[in-house]
Amino acid sequence: MIVQDVINHLETLAPLAYAEDFDNVGLLVGDKNAKITGVLATLDTLETVVDEAIEKNCNLIVSFHPIIFKGLKKLTGKNYVERVVLKAIKNDIAIYAIHTALDNALQGVNDMICNQLELINKQILIPQSETIKKLITYAPKNEAEQLRTALFNVGAGNIGNYNDCSFNIEGLGTYKGNENSNPTIGEKDILNTEEETQISITYPKHLESKILKTLFKTHSYEEVAYEITTLENKNQNIGMGMIGEFKEAMEASSFLNHVKTKMNTACIRHSDFTNKPIKKVAVLGGSGSFAIQAAKASGADAFITADLKYHDFFIAESSILLADIGHYESEQFTKNLLVAYLTKKITNFAVVLSKTNTNPVKYF
Ligand SMILES: [Zn+2]
């Protein structure tokens with residue numbers, strides 16, 4: 001197994017196409033064709049984590065946060081970022097960062113937080129739009145079923161809990177090939193009228209190359225007529241944050257105690273208690289002040305996130321309980337998620353959970 005094989009698994013869980021624009025995800029250091037000896041999963045790639053990888057014979061570090069974020073102009077070991085990259089290169093260790101691709105994934109960072117807190121009826125808090133595409137194509141009537149099936153098999157036609165969704169209209173297609181053409185049905189220079197089926201089918205944007213490859217491979221025409229459009233529909237399977245609910249509502253203080261225990265956090269900064277019990281909870285691992293309004297609009301009784309500033313707490317306006325549990329604390333179980341996922345997919349080498357606590361924030 002090579003590095004690229006592990007990347008393929010990771011990108012099935014969290015396609016990079018859904019990472020935020022500001023982010024720097026994917027393979028940051030190393031050779032995608034290198035043979036894997038072991039994988040180490042971590043939240044941050046620090047020098048101590050590279051040391052741990054060397055010690056545990058792992059030549060691929062799968063990191064949540066990207067160690068290279070703004071770009072590197074020099075590589076002299078002057079700061080911790082440069083030293084990590086140098087150490088990784090010297091020791092033939094590859095570094096892959098998954099970050100906001102996993103934040104936006106359905107079974108990603110926020111799903112993990114919801115599970116940890118025992119929230120049910122989970123949904124994405126801020127679903128992404130413009131990630132669903134629509135393909136319209138025209139196939140000879142007797143080939144339509146085969147084409148639909150081929151497209152379904154590579155991931156087209158999934159809407160919520162329904163698979164194999166498509167819409168089909170029968171009609172007449174016309175075409176006349178020029179002298180350089182070689183029509184599958186009909187003859188060049190003669191107008192042909194053919195009974196065809198117009199097939200409309202949607203797919204997530206990261207599957208586009210697969211879908212088109214399948215279309216061209218399966219369709220029998222020399223020239224395949226097709227149209228692609230991007231839909232504005234919200235994608236309920238991709239996006240930042242999550243909202244879920246407790247089976248039973250709890251008082252604010254019990255809620256914060258529950259969060260403290262389950263999220264293994266030493267202290268929680270929070271806004272005023274509201275006068276309602278906590279049942280519906282929005283969560284967003286990492287810096288989540290941008291989602292306060294979305295959490296309020298979703299009807300959540302509380303919003304658990306990190307990196308809230310003084311003025312952010314005012315936005316609660318006694319209608320939601322804002323809880324800042326710490327950036328590291330909110331994302332700490334992400335490495336467990338990566339290990340659990342890769343262990344299911346990979347059996348011929350070890351996927352190791354990093355034991356290094358990379359939290360730069362200490363509490364006194
Ligand atoms: Zn983070």
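The values are calculated or read from the model by the stated rules, or taken from the named source; none is laboratory data. Please read all numbers here as calculations on a predicted model, not as lab measurements. Glycine also receives a Cβ, built like all others from the backbone with ideal geometry; neighbour counts cover every protein chain displayed. Just so you know, the surface numbers come from the protein's heavy atoms only, side chains and all, with ligands and any DNA or RNA stripped out. Shrake-Rupley method; radii C 1.70, N 1.55, O 1.52, S 1.80 Å.
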inquiry  = Probe of 1.4 angstrom, ligands and nucleic acids ignored: what's the accessible area per residue over the range 132-233, in square angstrom?
reply    = 63 Å²
note = So, with points 7 Å from each Cα along the Cβ direction, the Gln146-Lys247 label distance in nm works out to 5.3 nm
task = Please work out whether the range 132-233 counts as rounded, prolate or oblate from its C-alpha gyration tensor, where a ≥ b ≥ c are the square roots of the eigenvalues and a/c under 1.5 means rounded, while otherwise a/b larger than b/c means prolate and anything else oblate?
result = prolate
inquiry  = Using 0.36 nm times the number of residues separating Leu72 and His9, minus their current alpha carbon distance, what extension gain do you get?
reply    = 19.9 nm
task = Could you give me the percent of Cα pairs per 20 Å distance bin for the chain, shortest bin first, beginning at zero and ending with the bin that holds the maximum distance?
result = 25, 45, 24, 5, 0
message = Highest mean first, how do 234-240, 301-307, 45-51 rank when packing is the count of other Cβ atoms within 10 Å averaged over residues?
response = 301-307, 45-51, 234-240
message = With n ≥ 4 as the cut-off for DSSP H runs, can you work out [θ] at 222 nm for the chain, using -39500 (n - 2.57) per run divided by the number of residues, rounded to the nearest 500?
response = -8000 deg cm²/dmol
inquiry  = Please report the accessible area of Met1 (heavy atoms, 1.4 Å probe, ligands and nucleic acids excluded) in Å², nearest 10.
reply    = 70 Å²
Pairs from Lys32/Lys56; Lys56/Lys87; Lys56/Lys90; Lys176/Lys210 whose Cα-Cα separation, in the structure shown, is over 18 Å = Lys32/Lys56; Lys176/Lys210
query = How much accessible surface area, in Å² rounded to 10, belongs to the heavy atoms of Ser63 with a 1.4 Å probe?
reply = 0 Å²
inquiry  = On a full-extension model of 0.36 nm per residue, what is the gain between Glu47 and Leu86, subtracting their alpha-carbon distance, rounded to one decimal in nm?
reply    = 13.1 nm
query = Considering only DSSP states other than H, G, I, E and B, which GluC sites (Glu not before Pro) in the range 226-315 qualify as loop sites with at most 10 other Cβ atoms within 10 Å?
reply = Glu232
note = SASA check, His258, accessible area w/ 1.4 Å probe, all protein chains in place, rounded to nearest 10 Å², comes out at 40 Å²
note = One would report the antiparallel percent of DSSP beta bridges in the chain, rounded to the nearest 5, as 70 percent
ask   = Efficiency by 1/(1 + (r/R0)^6): what FRET value for Phe364 and Asn257, r their Cβ-Cβ distance, R0 = 25 Å, to the nearest 0.05?
value = 0.70
task = Quickly work out the Tyr162-to-Ala17 label distance, labels modelled 7 Å from Cα along the C-beta direction, and quote it in nm with one decimal.
result = 2.2 nm
ask   = Cα-Cα over 28 Å: which of Lys213/Lys234; Lys122/Lys213; Lys74/Lys345?
value = Lys122/Lys213; Lys74/Lys345
Where Cys267, Cys58, Cys165 fall by accessible area, highest first, once all protein chains stay in place (1.4 Å) = Cys267, Cys165, Cys58
remark   = Given 274-282, 147-155, the highest-first ranking by average Cβ count within 10 Å works out to 274-282, 147-155
message = What aspartates and glutamates does Lys279 reach when the alpha-carbon gap must be under 19 Å and sequence neighbours fewer than 8 apart in one chain are set aside?
response = Asp111, Glu118, Glu245, Glu248, Glu251, Asp301, Glu317, Asp324
inquiry  = Rounded, prolate or oblate, given the Cα gyration tensor of the range 64-104, with a/c below 1.5 counting as rounded?
reply    = oblate
message = With the cut-off at 1.5 for a/c, could you classify the range 89-171 from its C-alpha gyration tensor as rounded, prolate or oblate?
response = oblate
